[in-house]
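Notes to accompany the following structure.
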Amino acid sequence: MPQVIEWKTAGPEDIVWKYPNEEITWGAQLIVHEYEMAVFFRDGKAYDVFGPGRHTLTTLNLPLLTSLLTRIAGYGEKPFKAAVIFISTKVFAGKYGTSAQTTELAPLKVFGAFWFKVENAQLFVNEVIGGQKAYTTGDVNNFLRGFLNEKIIDELSHYDLVTVFTRLDETSMIVKNSVTDYFKRLGIELTDLRFEGIDTTPEYRERLFWLRTGRTAPEEVLRMETMKSAAESLGKSSGAGLGTGMVLIPQIMTPTGPAQAPAAALVICPKCNAKVPVTSKFCSECGTQLTPPSAGTINCPKCGHPVTSTSKFCPECGTKIS
């Protein structure tokens, strides 16, 4: 009865499995299920790759391994020695969590999730299975999580405390793009990466809450107080599982709209009638020189700011114009 090589115990979370017997006979039946790849591995290098289906092992469908065996005078061996590595090509979800710090050395704890799948089985076996000695699903997960944590630590170290909490989406995208390129070199496609929570120490929380309230505008204080309440509430929820303390929502940290600047005093261009700031030397529409001030303007008796002759009050200092 021919030898049968098959991954029978594959679970929904299993990424990789190594067939326990490295004594392979010619004519053996290799069974590869859907969403799987089988890679022949020997002396630290991946050789022939098989997709889903039933395969009878011969010199014709093992050309790379046959070439190797011929060179090492092992062609006639029955059985020959090689490891068969089964790889699942499904999309897998992973978790990460690490400690980092900002430019002002504020301590951070971040956690989140990422999704990936093996895109190039031969490259994956060469770089991860052989290169990192990751022969089990646990080894693969630990390697990928460790690399992600390292990238996140490095990226967050370039931001200050406020920026980290107000630009999580942007930071997440930067980290994802950086990791995506590296994962491709490992034969892995990173399909998504997300920050789910971030925390700092109580000391830096207080600093964060009031760091942006220097002008003490009521709406700013209200927003920061709302954020503080939300953070305390969310920090007690199960969503903070891999982190500790509070989970901050970036949208709360961001003002609802841009600050309104005071309206600038305008004059009418005598040539094209465009409205331009009184401090302009030339019209921005037609280029007409506006200095000395255009006709129809006078200077405020108190602050000297140019105003139109029909104005009742100075738009700069509020002085009544007689």
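Given the structure, is Val128 closer than 27 Å to Phe40 by Cβ, of a type outside the set (S, T, N, Q) and either without any contact (Cβ under 8 Å) to a residue 60 or more places away in the chain or not assigned by TED's automatic domain parsing to the domain that holds Glu13 (or both)?
When the stated conditions are applied, Val128 passes them.
Between a first residue in segment 39-63 that is in the same structural domain as Glu127 (by TED's automatic domain parsing) and at negative phi and a second residue that is loosely packed, with under 12 Cβ neighbours inside 10 Å and part of a strand (DSSP E or B), which pairs have beta carbons less than 8 Å apart while being 6 or more apart in sequence or on different chains?
Note: no pairs meet the criteria.
What tally of residues in segment 145-169 results from selecting those that are touching a helix residue (DSSP H, G or I) at 6+ places or on another chain (Cβ under 8 Å) and either under 17 Å from Asp14 (Cα atoms) or of a type in the set (D, E, K, R) (or both)? Spell out the reasoning first.
Residues of segment 145-169 that are touching a helix residue (DSSP H, G or I) at 6+ places or on another chain (Cβ under 8 Å), as a first pass: 147-148, 151-152, 155-156, 159, 161-162, 164-169.
The next check asks that each one be either under 17 Å from Asp14 (Cα atoms) or of a type in the set (D, E, K, R) (or both); those that pass are 151, 155, 167, 169.
Of the residues in segment 145-169, 4 are touching a helix residue (DSSP H, G or I) at 6+ places or on another chain (Cβ under 8 Å) and either under 17 Å from Asp14 (Cα atoms) or of a type in the set (D, E, K, R) (or both).
Identify all residues within segment 171-203 that are under 16 Å from Tyr159 (Cα atoms), out of contact with any strand residue (DSSP E or B) (no Cβ under 6 Å at 6 or more places or on another chain) and of a type in the set (Ser, Thr, Tyr); write none if there are none.
Within segment 171-203, Thr171 is the sole residue that qualifies.
Residues checked against (1) over 22 Å from Pro2 (Cα atoms); (2) modelled with pLDDT under 90; (3) surrounded by fewer than 16 Cβ atoms within 10 Å (Cβ to Cβ); (4) within 26 Å of the chain's Cα centre (by Cα):
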residue	(1), (2), (3), (4)
Gly53	no, no, yes, no
Gly74	no, yes, yes, no
Lys78	no, yes, yes, no
Ile85	no, no, no, no
Pro107	yes, no, yes, yes
Phe116	yes, no, no, yes
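Every residue in segment 63-115 that is assigned to a loop (DSSP other than H, G, I, E, B) and closer than 28 Å to Asp192 by Cβ, please.
The answer is Thr89, Lys90, Val91, Thr102, Thr103, Ala106.
In the set Asp160, Asp181, Asp169, which member is free of Cβ contacts under 8 Å to residues at least 24 places away in the same chain and surrounded by fewer than 19 Cβ atoms within 10 Å (Cβ to Cβ)?
Asp181
Name the single residue, out of those in segment 51-68 being out of contact with any Asp or Glu (no Cβ under 6 Å at 6 or more places or on another chain) and hydrophobic (A, V, I, L, M, F, W, C), that is nearest to Glu23 (Cα to Cα).
Leu57
Here are the criteria: (1) surrounded by fewer than 20 Cβ atoms within 10 Å (Cβ to Cβ); (2) modelled with pLDDT of 95 or more; (3) touching a Lys or Arg at 6+ places or on another chain (Cβ under 6 Å). Tell me which single one Ser99 does not satisfy.
If we test Ser99 against (1) surrounded by fewer than 20 Cβ atoms within 10 Å (Cβ to Cβ); (2) modelled with pLDDT of 95 or more; (3) touching a Lys or Arg at 6+ places or on another chain (Cβ under 6 Å), just (2) comes out false.
The values are calculated or read from the model by the stated rules, or taken from the named source; none is laboratory data. Given the structure is predicted, the values throughout are model-derived calculations rather than measurements. Cβ atoms come from the backbone with ideal geometry, glycine included; neighbour counts cover every protein chain shown.
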